[in-house]
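Below is one structure, written out as structure tokens; the observations come after it.
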Amino acid sequence: SFLPVVDPVSDTTGTWSSVLNEYYIDPTAPDQGVATGNRRTVKDFVDLVGSTTKASLIFRHNRTATNTDYTFLTDETITANFNTIFHNGARTSVAITKTLTHEGTTQAGNYQIYTGAGSYVFSGSVVFNAMHFTAVNGVDDDDPGLQKMIDSAPFPNKSARFEFPYTPNGYLIGSALVLPEPAGLPSIERLDWEFVGTGGKSKFISTAAGSTTGKKEAPGPFFIIHL
């Protein structure tokens, strides 16, 4: 069987095998968390596919601007049967006080795919890529995005691995990152969380008080994290 899907880049309707179950999301939809009934939004496809059939949601960059943001003005859950695929330049943007919950898998390279003032929640044992949460452009502080990454991790009683890919710009840190503290425990030791640098030494540059002093290089950002 086949399902019609709209490719928002070419604005044409294609035919896609239901065996593959690949769905292109329309970035022009004002709220990805609301069903439109015409197969445009994340909510449309989550409702259409259900919570058992394996499927992929594809977020494309339409290249009319630096980024293509898929906006969520309503809470939404992408269930565990979905794989989300992000092309370079495509991002989900969650509005303040709203939450996007990811229960499935994600495919993306070393580029930002999550933004917005709202919250993200990931369930299960998760590998986080720091570059998915911040632009790492060498100009803007990266700690707000990195803190959002930490806050989105499953806690407590779940494992998580935070990977910081090497970038020549380094990670600009204006404020120390804060980890959650388990109830009744004084340290992070009981959490199965791991922070590692990948692809070479990760460079972290302090920008506190407008200063770029305190440049450090290490396999992981242990020295900028405190309880």
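The values are calculated or read from the model by the stated rules, or taken from the named source; none is laboratory data. Please read all numbers here as calculations on a predicted model, not as lab measurements. All Cβ positions, glycine included, derive from the backbone under ideal geometry; neighbour counts span all protein chains shown.
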Original post:
Has segment 78-88 got at least one residue that is among the β-branched types (Val, Ile, Thr), within 19 Å of residue 171 (Cα to Cα), buried (at least 17 other Cβ atoms within 10 Å of the Cβ) and more than 12 Å from the chain's Cα centre (by Cα)?
Top reply: no
Original post:
Yes or no: residue 52 of a type outside the set (Gly, Ala, Ser) and either closer than 19 Å to residue 123 by Cβ or not in a loop (DSSP other than H, G, I, E, B) (or both)?
Top reply: yes
Original post:
Out of all the residues in segment 122-145, is one or more of a type in the set (A, V, I, L, M, F, W, C), surrounded by fewer than 16 Cβ atoms within 10 Å (Cβ to Cβ) and within 12 Å of the chain's Cα centre (by Cα)?
Top reply: yes
Subject >> Hits in segment 180-205 (condition: at pLDDT 75 or above and crowded, with 18+ Cβ neighbours inside 10 Å) >> reply: 193, 195, 197, 202, 203, 204, 205
Original post:
Is it true that some residue in segment 13-21 is over 24 Å from residue 110 (Cα atoms) and at pLDDT 95 or above?
Top reply: no
**OP:** Would you check which residues across segment 139-173 are among the small types (Gly, Ala, Ser) and at pLDDT below 90 and list them?
**Re:** 153, 159, 160, 170
Subject >> Within segment 119-168, tally of residues that are within 24 Å of residue 71 (Cα to Cα), in a strand (DSSP E or B) and aromatic (Phe, Trp, Tyr) >> reply: 3
Original post:
Is one or more of the residues making up segment 37-47 at pLDDT 95 or above, farther than 26 Å from residue 110 by Cα and over 20 Å from the mean Cα position of the chain (by Cα)?
Top reply: yes
Original post:
Do you know which of the residues in segment 66-77 that are under 18 Å from residue 46 (Cα atoms) and touching a Ser or Thr at 6+ places or on another chain (Cβ under 6 Å) is surrounded by the most Cβ atoms within 10 Å (Cβ to Cβ)?
Top reply: 70
Original post:
Within segment 146-176, can you find the residues that are more than 21 Å from residue 84 (Cβ to Cβ) and buried (at least 20 other Cβ atoms within 10 Å of the Cβ)?
Top reply: 164, 171, 172, 173
Original post:
What number of residues within segment 23-34 are surrounded by fewer than 18 Cβ atoms within 10 Å (Cβ to Cβ) and free of Cβ contacts under 8 Å to residues at least 40 places away in the same chain?
Top reply: 1
